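Novice: Just passing along the structure, written as structure tokens.
What follows is calculated from the coordinates using simple rules that are stated; it is not laboratory data. Keep in mind the model is a prediction, meaning the values are calculated, not measured. Cβ atoms come from the backbone with ideal geometry, glycine included; neighbour counts cover every protein chain shown.
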Amino acid sequence: MATAASEYSGLDTSDMEGGYRPSPSEEFMNPRQQEYFRRKLLDWKESILRESKETLAQLQVDSLREPDVTDRASSETDWSIELRTRDRQRKLIAKIDAALRRIEEGEYGYCEVTGEPISLARLEARPVATMTVEAQERHERNEKVSREE
């Protein structure tokens, strides 16, 4: 079964549904790996959008109608947390879209600082990663120093 992503890329991805995982023994960011990460990102984005729609629907159904002030305050706190989570996910969608653009431009999987390949394990864990672990650690150390000054 072909998806929109596989149709777009023109790749036969039927074997990916059978449990394909990128391997360090393959050429880095070959078309098969790019398609794997494209699908992973698209699935993640779709999941976030689906959860957001469910939250919105639930908000409309469960409008704050509790007669008790304490219950109402508790519900408002719960919804505030939920809405903050959705806001973080909205920002994550922008990162997913940026990663999808990098795939299209052939830049995905390479550190934006050093140009070195980002490890497949890191990309599996954080598909929107833009830096190697080492570059990210340096970046965070520099940010910490800047904040302390």
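Novice: In whole Hz, with x marking every Gly and Pro, tabulate ³J(HN,Hα) for segment 98-112 from phi via Karplus 6.51 cos²θ - 1.76 cosθ + 1.60, θ = phi - 60°.
Specialist: Taking θ as phi minus 60°, the curve returns 5, 5, 5, 5, 5, 4, 4, 8, x, 9, 5, x, 10, 4, 6 Hz for segment 98-112.
Novice: Note down the relative contact order for segment 26-148 as a percent, whole number, built from C-alpha pairs under 8 angstrom at least six residues apart. Please list the in-between numbers first.
Specialist: Working: 70 pairs, mean separation 29.1, N = 123.
This gives 24 percent for segment 26-148.
Novice: Which whole-Hz couplings ³J(HN,Hα) result when phi for each residue of segment 68-85 is put into the Karplus expression 6.51 cos²θ - 1.76 cosθ + 1.60, θ = phi - 60°, listed in order with x for Gly and Pro?
Specialist: With the stated coefficients, segment 68-85 comes to 7, 4, 5, 5, 5, 4, 5, 5, 5, 5, 4, 5, 4, 4, 4, 5, 5, 4 Hz.
Novice: Going Cα to Cα from K53, which lysines come in below 29 Å? Please leave out same-chain ones fewer than 8 positions away.
Specialist: List returned: K40, K45, K91, K95.
Novice: Can I ask one more? Could you rank the peptides 24-31, 109-116 by their average count of other C-beta atoms within 10 Å per residue, with the highest value first? List each step's numbers first, then the result.
Specialist: Working: 24-31: 11.1, 109-116: 15.2.
Peptide ranking by packing, descending: 109-116, 24-31.
Novice: Once amide H atoms are built 1.01 Å from N in the peptide plane, which residues 5 or more positions from Y110, or in another chain, come under 5 Å H to H?
Specialist: Long-range HN contacts for Y110: I118.
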